[in-house]
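Visitor: Let me begin by handing over the structure; questions about it come next.
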Number of protein chains: 2
Amino acid sequence: MSENKVDYSLYLVTDRGLLGERDLVDSIELAIQGGVTLVQLREKSVSTLKFLQLAIRVKEITSRFHIPLIINDRLDIALAVDADGLHVGQDDLPMLKARELFPNKLIGVSASTLAEALLAQEQGADYLGVGAVFSTATKTDATKVSLDQLELIKKSVTIPVVAIGGINSTNLQQVMATGIDGVSVVSAILAQENILKAAKQLQELIKEEF
Amino acid sequence: MSENKVDYSLYLVTDRGLLGERDLVDSIELAIQGGVTLVQLREKSVSTLKFLQLAIRVKEITSRFHIPLIINDRLDIALAVDADGLHVGQDDLPMLKARELFPNKLIGVSASTLAEALLAQEQGADYLGVGAVFSTATKTDATKVSLDQLELIKKSVTIPVVAIGGINSTNLQQVMATGIDGVSVVSAILAQENILKAAKQLQELIKEEF
């Protein structure tokens, strides 16, 4: 998959904790029907087997809708399900190692500074996840990135930039106005009662901006 | 590395929680000097980057002493450091998937029943870790395996069997008497004040049995 063909506009990052009794795979399907263009499966406290089983189920959905599936952090899971990509944070596998072990796949890197963004690009990242642009309850340890810093990063790199952190329908347009390629959301879709509708509303706002 | 050349007699599984202020890599070096023949690096609550950094340091030691390094659970780490093997539990990557992604390497499987042992062998495991033979504080969720069951498993498979779970210098010989190929220890080495001496004493007891 070439990164040029990837639509980063509405990038869903999963968090099962937000779903209550709702099933993750069903929720992802609704989000895709609503307009999500990319799915990142993120699991932090499950066994490897459980993560793998979830990833297999999610891949069935993303494949059916021709949406790329990115695995957060865990290259073993990404390899085991032949995911479309891997997303690494600054405490995960280093970019160069990820590329070596997962060639010809999308590799995204989390960056919260210009230096991290430039290094990731230099090391061959396919895209950057930059944030947190707003406070977020789903990742309380995230470093804050202002919209000015986000704009500076976007202007300083040639690879796609996706903003993350507390983005929702009320602040989405000011984030998009920085010129970035997409927004990454968690709660703004998964914590909503009507997931399909929430995704649809966000995608409509994005289309207005582009 | 062919499994026929592996000496499973004194198999160290790491647990940094037992070391207090002592350095893991230094402790492993002492354990190897004392007679440990195989090292499994097991980390359950660190970032991927930290696990990788530890694994790189441990591999320098194990390589220098020509001791195989096995990574617990995490194929991504095993691949990233080109470890000699991977050990998977029943909640980890399935054996067949592990073999597919990590060919020509040692793959060990934890088994606590004869059925699990036979399945792992059938699926191509290089060795089995069977336990817990005694109660253990380092893995409180472990299923109990009696010495009779251990002996039955050893007699029913052709691949090497290593016993694990609460094994120490006082019960080692009754475990070895079941005919197994080695013992896997954690506390009996890493929780001891003199790691080198503890490993040496265990290796001497093992040699008496063989």
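Visitor: Which residues, taken from segment A:19-42, are closer than 16 Å to A:Gly182 by Cβ and either polar (S, T, N, Q) or within 14 Å of another protein chain (Cβ to nearest Cβ) (or both)? Talk me through it step by step, then tell me what you get.
Guide: Taking segment A:19-42 as the starting set, the residues that turn out to be closer than 16 Å to A:Gly182 by Cβ are A:31-32, A:34-40.
Scanning segment A:19-42 gives A:Thr37, A:Gln40.
Visitor: Consider B:Val130 against the criteria (1) closer than 25 Å to B:Asn104 by Cα; (2) at pLDDT below 95: it satisfies all of them except one. Which criterion is unmet?
Guide: That leaves (2) as the condition not met.
Visitor: Answer yes or no: is there a residue in segment B:78-101 that is surrounded by fewer than 22 Cβ atoms within 10 Å (Cβ to Cβ), under 24 Å from B:Glu122 (Cβ atoms) and polar (S, T, N, Q).
Guide: Looking for residues that are surrounded by fewer than 22 Cβ atoms within 10 Å (Cβ to Cβ), under 24 Å from B:Glu122 (Cβ atoms) and polar (S, T, N, Q), one finds at least one in segment B:78-101, hence yes.
Visitor: If I ask for residues that are outside any helix (DSSP H, G or I), among the hydroxyl-bearing types (Ser, Thr, Tyr) and modelled with pLDDT of 95 or more, which ones from segment A:137-172 would you list?
Guide: The answer is A:Ser146, A:Thr158, A:Ser169, A:Thr170.
Visitor: Need the failing condition index for A:Phe51 against (1) without any contact (Cβ under 8 Å) to a residue 40 or more places away in the chain; (2) in a helix (DSSP H, G or I); (3) open to solvent by 40 Å² or more (accessible area, probe 1.4 Å); (4) of a type outside the set (Ser, Thr, Tyr), just the number.
Guide: Unmet condition: (3).
Visitor: Can you pull out every residue in segment A:195-210 that is of a type outside the set (Val, Ile, Thr) and under 14 Å from A:Val36 (Cβ atoms)? Please lay out each step first, then the result.
Guide: The initial filter retains those residues of segment A:195-210 that are of a type outside the set (Val, Ile, Thr), namely A:196-205, A:207-210.
Result: A:Leu196, A:Lys197, A:Ala198, A:Ala199, A:Lys200, A:Gln201, A:Leu202, A:Gln203, A:Glu204, A:Leu205, A:Lys207.
Visitor: Same structure again: Mind telling me which of the residues A:Val175, A:Val183 ends up being at pLDDT 95 or above, open to solvent by less than 60 Å² (accessible area, probe 1.4 Å), in a helix (DSSP H, G or I) and farther than 14 Å from A:Leu18 by Cβ? Outline the logic, then answer.
Guide: Values: A:Val183 fails: in a helix (DSSP H, G or I).
Checking each option against the conditions leaves just A:Val175.
Visitor: Any chance you could count how many residues in segment A:65-77 are in contact with a Ser or Thr (Cβ under 9 Å, 6 or more places away or on another chain) and either among the polar types (S, T, N, Q) or outside any loop (DSSP other than H, G, I, E, B) (or both)?
Guide: 5
Visitor: Just checking, which of A:Arg57, A:Arg64, A:Arg74 is under 21 Å from A:Leu12 (Cβ atoms), open to solvent by 20 Å² or more (accessible area, probe 1.4 Å) and within 7 Å of another protein chain (Cβ to nearest Cβ)? Full working, then the answer.
Guide: Numbers: A:Arg57 fails: within 7 Å of another protein chain (Cβ to nearest Cβ); A:Arg64 fails: within 7 Å of another protein chain (Cβ to nearest Cβ).
A:Arg74 is the lone residue from the list that is under 21 Å from A:Leu12 (Cβ atoms), open to solvent by 20 Å² or more (accessible area, probe 1.4 Å) and within 7 Å of another protein chain (Cβ to nearest Cβ).
Visitor: Let me ask another. Do we have B:Lys197 as of a type in the set (Lys, Arg) and more than 22 Å from B:Pro68 (Cα to Cα) here?
Guide: No.
Visitor: Return the pairs, sorted by first residue and then second, in which the second residue is among the charged types (D, E, K, R) and at pLDDT below 95, the first residue lies in segment B:1-23 and is farther than 19 Å from B:Lys139 by Cβ and part of a loop (DSSP other than H, G, I, E, B), the beta carbons are less than 9 Å apart, and the residues are 6+ apart or on different chains.
Guide: B:Ser9/B:Lys207
Visitor: When you scan segment B:186-204, do you find a residue that is among the charged types (D, E, K, R) and outside any helix (DSSP H, G or I), even just one?
Guide: Yes, that holds for at least one residue.
Visitor: When you look at B:Leu152, is it more than 14 Å from chain A (Cβ to nearest Cβ) and either in contact with a helix residue (DSSP H, G or I) (Cβ under 7 Å, 6 or more places away or on another chain) or among the charged types (D, E, K, R) (or both), yes or no? It would help to see each step written out before you state the result.
Guide: Details: more than 14 Å from chain A (Cβ to nearest Cβ): yes; either in contact with a helix residue (DSSP H, G or I) (Cβ under 7 Å, 6 or more places away or on another chain) or among the charged types (D, E, K, R) (or both): yes.
Considered against the rule, which asks whether it is more than 14 Å from chain A (Cβ to nearest Cβ) and either in contact with a helix residue (DSSP H, G or I) (Cβ under 7 Å, 6 or more places away or on another chain) or among the charged types (D, E, K, R) (or both), B:Leu152 comes out as yes.
Visitor: Name every residue in segment A:145-159 that is of a type outside the set (A, V, I, L, M, F, W, C) and either touching a Gly at 6+ places or on another chain (Cβ under 6 Å) or crowded, with 20+ Cβ neighbours inside 10 Å (or both), in order of residue number.
Guide: Passing the criteria: only A:Lys154.
Visitor: Being within 17 Å of the chain's Cα centre (by Cα), within 14 Å of chain B (Cβ to nearest Cβ) and closer than 21 Å to A:Val186 by Cα is the requirement here; does A:Ser45 meet it?
Guide: Values: within 17 Å of the chain's Cα centre (by Cα): no; within 14 Å of chain B (Cβ to nearest Cβ): yes; closer than 21 Å to A:Val186 by Cα: yes.
No: the conditions fail for A:Ser45.
Visitor: Among the residues of segment A:78-127, how many are out of contact with any Asp or Glu (no Cβ under 7 Å at 6 or more places or on another chain), within 10 Å of chain B (Cβ to nearest Cβ) and not in a loop (DSSP other than H, G, I, E, B)?
Guide: Here the count works out to 8.
Visitor: Then there's this: Kindly provide the set of residues from segment A:7-28 that are among the acidic types (Asp, Glu) and under 16 Å from the mean Cα position of the chain (by Cα), ordered by number.
Guide: Residues of segment A:7-28 that are among the acidic types (Asp, Glu), as a first pass: A:7, A:15, A:21, A:23, A:26.
If the condition is that a residue be among the acidic types (Asp, Glu) and under 16 Å from the mean Cα position of the chain (by Cα), then A:Asp7, A:Asp15 are the ones that fit.
The values are calculated or read from the model by the stated rules, or taken from the named source; none is laboratory data. The structure presented is a predicted model; accordingly, all values stated were derived computationally and were not measured. Virtual Cβ from ideal backbone geometry, glycine too; neighbours counted across all protein chains shown. These area figures cover heavy atoms from the full protein model, side chains too; ligands, DNA and RNA do not enter into them. Shrake-Rupley method; radii C 1.70, N 1.55, O 1.52, S 1.80 Å.
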